[in-house]
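**Q** Have a look at the structure that comes next, please.
No value in this document is a laboratory result; all are computed from the given coordinates. In this text, all values refer to a predicted model and were calculated from it rather than measured experimentally. Cβ sites come from the backbone with ideal geometry, for glycine too, and all protein chains shown count toward neighbours.
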Amino acid sequence: MSKVEIIGPKGLLEAALSLLKDLGIFQIEPAAVGFIDKGCEGHVTSFLPDETSLSEVLFLENLRTRLEELFSYLPPVEVRKSYIEPLPVIDTISKTMEKHCAACRDLHQRKEGLQKEAAELKRYLLFLATISSLLGSVRETPDLDFIGLTIKEPQMIGRLRELISRLTDFRFELLTETEEDGTIVGLITVEKGISEKVKKSLSDEHVPELRFPPAVADLTFAEKLSYVKERAAAVEAEIDWITGETKKFSTRWLPIYKRVKEWTDERLSLLKATAWVFETRMCFFINGWMPSGDVERLRKSLLGAFSGKVAIEEKEMLEEDLDRVPIVLRNRGYFKPFELLVKMLPLPKYTSFDPTPFIGVFFPVFFGMILGDAGYGLILLALSLTLKRVFRKKGDIRDGAKILLISSLYAIFFGILFGEFFGELGTALFGLEPLCVERRHAVIPMLYFSLSVGVVHVVLGLVLGLTSAMKKKAKKEAAFKLLNVLLIFCIIVLIASFFKPFPWLLSKPVIIVILVLTPLLFFTGGLLAPLELLKSIGNIVSYARIMAIGLASVLLAFVANRMAGMMGDVVIGVIAAGLLHTINIVLGVFSPTIHSLRLHYVEFFSKFVEHGGRRFAPFKKES
């Protein structure tokens, strides 16, 4: 990353910002610290836009707000791209859009009201259609009142009959019917003189009457049904008409207004970027950061656009800049997809290491060691190739597929070493034999192997941390990392000395070295230094999960095969085995992934990666 300053005449500021935005490779630094010499601070000040620029910002922000409101009223339709240049006719566009916005707002509000009415009419229609079957046994007369209601619980019917019986002295009729969705509707027939009393009691029992609009209050049920059907059809027709009108409007005007919105956003971005610019009486200064490989490209672009009137200068990186330098992960080829796993964590600082290459090397190896089955690896290989082809335009899924592809190859490799193909099925089918060890019977050797991998991984992390500390000239931190490495080796040698072929006498000088080095930990790492050493040893022990999870996987495959043989029926046995193997494959994707990442994030990265980097956010057009 390079620290860069761009200088030019004030009259070319807007054009220079526009060029930077088009290139999208330069991050503007709003602070002057580290860029402007203290002796020049009196001559270089923050750029202050004039009243015209401020008025333009207010106008454009208001225009953008109204555009967003207009878009909220329009349906999402595919439209052509407009290439209109809004600047010459922006005032006319603003006035026309205000009229269009008002018209679309009215249509939108009208449609919302109609949709609400349509939902209510649908509810009435369902009720009336259900209750119409009850009307055949009831005769509508002027002396009778009909109360429609919805009953939520079937057990309420008995309570309602008892309640209404007391109120009417058994002079009523309650008919019920069940709708298609299971809701129970009821029709109560009572004398008009006591109907209000019944309605109030129903309300007290939380069984309110279904009230119809005033327009149909005096109609019979048959007339109500007819009216509601006609009104529902009319409302739907009106909604369809409004939808058609808004689609016609969108087809004609939306391309223009989308182009205006795009231009407005670009213009506002340029105007607001001037707040990050510094000026003298005649010149502007744009300070910022960019990838070192793009500096020459920007220099040529400025030369071609401004004929040398705007210059670029690459400034010296100061120690105070190190915490402010933005970070961009730049890995190529094999390592590029593994940035997906690194992006899950905060970015590393500029002075730290990019952990992507390390996770690119070790993650697939750990995955393959844990899964360790050639048959499962082949299935995951086919799955990764399919995902890569189907989602080739979706970056994260495509990168995930590439990671799975590499990891599946390691699973096949270790599967051949362990002699595993869907468990021991490979041995039965084509005589596959382990080239190294058979994991089911070599638990202790696999444990030693896993711990050895942990030693290498953790010590590598400490060595990288030592290197990083030396680059920063942090002598005490570097000494602390070195002491941790030495003590870990001493502890390993001490443990090994109790086993053949290591001589027991080797333990004495190692113990002396440990006693000598331990007090130095306090001087380099403080009072908690021994705890940090114990933490590193615990990190190494944590790599035993490679053996444990791998053993669980191979045992589940073994159980699946044995279960198939015990079923007594070939078809059922194959189905049962296939189901268990499928579960094992799913676990074989998630468990190795989760635990391999944990070994990197917790045990490995904690030794050398310093998080808290500032993400590189170049000044560019919104995509």
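**Q** Suppose each label sits 7 Å from its Cα in the direction of the beta carbon; what would the Phe59-Ser606 distance come out to in nanometres?
**A** 6.0 nm
**Q** Peptides 112-123, 480-491: what's the order by average Cβ count within 10 Å, highest mean first? Kindly include the intermediate steps, with their values, before the conclusion.
**A** On the way: 112-123: 14.5, 480-491: 19.7.
For the peptides 112-123, 480-491, the packing ranking is 480-491, 112-123.
**Q** Please work out whether the stretch 333-607 counts as rounded, prolate or oblate from its C-alpha gyration tensor, where a ≥ b ≥ c are the square roots of the eigenvalues and a/c under 1.5 means rounded, while otherwise a/b larger than b/c means prolate and anything else oblate?
**A** Details: a/c = 3.17, a/b = 1.52, b/c = 2.08.
It comes out oblate by the Cα gyration axes.
**Q** Now, a different point. Cβ neighbours within 10 Å, averaged per peptide: list 419-431, 310-322 in order, most packed at the top.
**A** Values: 419-431: 18.2, 310-322: 13.7.
The densest-packed peptide leads the list: 419-431, 310-322.
**Q** For Ser165, Ser2, what ranking results if the residue with the fewest other Cβ atoms within 10 Å of its Cβ goes first? Walk me through the intermediate numbers first.
**A** Values: Ser165 13, Ser2 17.
Ascending Cβ contact count within 10 Å gives the list Ser165, Ser2.
**Q** Given H placed on each backbone N at 1.01 Å, which residues far from Phe284 in sequence or on other chains put an amide H within less than 5 Å of it?
**A** Sorted by chain and number, the residues that satisfy this are Gly8, Lys10.
**Q** Whose amide H sits under 5 Å from the amide H of Leu432, counting only residues 5 or more places off or on another chain, with H placed in the peptide plane?
**A** Those qualifying (amide H under 5 Å, at least 5 residues apart or on another chain) are Thr427.
**Q** Still on this structure, I have one more. How large is ³J(HN,Hα) for each residue in the stretch 596-611, as worked out from phi by the Karplus curve 6.51 cos²θ - 1.76 cosθ + 1.60 (θ = phi - 60°), to whole Hz, x for Gly and Pro?
**A** 5, 5, 4, 4, 7, 5, 9, 6, 9, 4, 5, 8, 8, 8, 9, 7
**Q** Along Cα→Cβ, 7 Å out, is where each label goes; now give me the distance between the ones at Asp106 and Val79 in nm to one decimal.
**A** Each label point lies 7 Å from its Cα, and together they span 2.0 nm.
**Q** Of Lys402/Lys620; Lys10/Lys309; Lys95/Lys272; Lys315/Lys621, which pairs sit farther than 20 Å apart, going by alpha carbon to alpha carbon? Kindly include the intermediate steps, with their values, before the conclusion.
**A** Working: Lys402/Lys620 29 Å; Lys10/Lys309 11 Å; Lys95/Lys272 25 Å; Lys315/Lys621 26 Å.
Those over the limit are Lys402/Lys620; Lys95/Lys272; Lys315/Lys621.
**Q** Tell me the trypsin sites (Lys or Arg not before Pro) within the stretch 324-360 that lie in a loop according to DSSP and have at most 10 other beta-carbon atoms within 10 Å. Walk me through the intermediate numbers first.
**A** Numbers: sites: Arg324, Arg330, Arg332, Lys343, Lys349; in loops: Arg324, Arg330, Arg332, Lys343, Lys349.
Within the stretch 324-360, the qualifying trypsin sites (Lys or Arg not before Pro) (loop, at most 10 other Cβ atoms within 10 Å) are Arg332.
**Q** Set the bar at 27 Å for Cα to Cα. Now go through Lys349/Lys481; Lys200/Lys224; Lys349/Lys476; Lys152/Lys200; Lys343/Lys476 and name every pair that lies beyond it.
**A** Values: Lys349/Lys481 19 Å; Lys200/Lys224 23 Å; Lys349/Lys476 20 Å; Lys152/Lys200 18 Å; Lys343/Lys476 30 Å.
Cα-Cα > 27 Å for Lys343/Lys476; rest within.
**Q** With charges set only on the Cβ (+1 for Lys and Arg, -1 for Asp and Glu), what does the dipole of the stretch 333-607 come to about its Cα centre, in debye to the nearest 20? Don't skip to the answer; put the middle values down first.
**A** Working: 25 positive and 13 negative charges, 239 e Å.
That gives a dipole near 1140 debye.
**Q** What FRET efficiency comes out for the pair Arg171/Asp204, r = Cβ-Cβ distance, R0 = 25 Å, nearest 0.05? Write out the running numbers ahead of the final one.
**A** On the way: r = 20 Å, r/R0 = 0.81.
Approximately 0.80, to the nearest 0.05.
**Q** Could you give the distance between the Cα centres of the stretch 457-493 and the stretch 321-350, to the whole Å?
**A** So the two Cα centres are separated by 23 Å.
**Q** Give me the percent of DSSP beta bridges within the chain that run antiparallel, rounded to the nearest 5. Don't jump to the answer; show the numbers that get you there.
**A** Details: 36 of 38 bridges.
Percentage antiparallel, nearest 5: 95.
**Q** Using mean Cβ contacts within 10 Å as the protection proxy, how do 192-200, 80-88 order, highest first?
**A** Details: 192-200: 14.7, 80-88: 11.2.
Descending mean neighbour count gives 192-200, 80-88.
**Q** Right, another one. Can you tell which of Ser384, Gly525, Ser307 lies farthest toward the positive end of the dipole of the chain, using +1 and -1 charges on the Cβ of basic and acidic side chains (Lys, Arg; Asp, Glu)?
**A** Gly525
**Q** Could you put Val453, Val493 in order, starting from the residue whose Cβ has the fewest other Cβ atoms within 10 Å? Present the calculation step by step, with values, prior to reporting the outcome.
**A** Numbers: Val453 19, Val493 16.
So the residues, fewest neighbours to most, are Val493, Val453.
**Q** Which value in deg cm²/dmol, rounded to the nearest 500, describes the helix-derived mean residue ellipticity at 222 nm for the chain, given -39,500 (n - 2.57) per DSSP H run of n ≥ 4 and division by the residue count? All intermediate terms of the calculation are to be shown ahead of the outcome.
**A** On the way: 18 runs with 368 residues, N = 623.
Taking each H run of at least 4 residues, the total per residue is -20500 deg cm²/dmol.
**Q** Fully extended, how many nm does the chain gain between Glu320 and Lys116 (0.36 nm per residue separation, minus their Cα-Cα distance)?
**A** Working: separation 204, 0.36 × 204 = 73.44 nm, distance 6.22 nm.
The Glu320-Lys116 span can extend by a further 67.2 nm.
**Q** Follow-up. Which of (1) 324; (2) 178; (3) 286 is the computed volume of the Cα convex hull per residue in Å³ for the structure on display?
**A** Computing volume of the Cα convex hull per residue in Å³ and matching it to (1) 324; (2) 178; (3) 286 gives (1).
**Q** Would you work out which of Phe489, Leu329, Ala234 lies farthest towards the positive end of the dipole of the chain, given +1 charges on the beta-carbon of Lys and Arg and -1 on that of Asp and Glu, about the Cα centre?
**A** After comparing all options, I get Phe489.
**Q** With everything on Cα atoms, drop me the angle between helix 475-496 and the longest principal axis of the chain, reported from 0 to 90° to the nearest 10.
**A** Approximately 80 degrees, to the nearest ten.
**Q** Ok, one more. Once phi is turned into ³J(HN,Hα) by the Karplus curve 6.51 cos²θ - 1.76 cosθ + 1.60 with θ = phi - 60°, what whole-Hz value does each residue of the stretch 358-373 show in order, with x for glycine and proline?
**A** 6, 5, x, 7, 8, 4, x, 5, 4, 4, x, 5, 6, 6, x, 9
**Q** Next question. Rounding to the nearest 10 and keeping the result within 0 to 90°, find how far the Cα-based axis of helix 192-204 lies from the longest principal axis of the chain.
**A** 10 degrees
**Q** Moving on to the next point. Give, rounded to the nearest 20 debye, the magnitude of the charge dipole that the chain has about its Cα centre when Lys and Arg contribute +1 at Cβ and Asp and Glu contribute -1 at Cβ.
**A** Values: 76 positive and 71 negative charges, 460 e Å.
Taking the Cα centre of the chain as origin, the dipole is about 2220 debye.
**Q** Residue by residue through the stretch 408-415, which ³J(HN,Hα) values in whole Hz follow from phi under the Karplus form 6.51 cos²θ - 1.76 cosθ + 1.60 (θ = phi - 60°), with glycine and proline marked x?
**A** Ordered by residue, 3J(HN,Hα) equals 5, 5, 5, 4, 5, 4, 5, x Hz.
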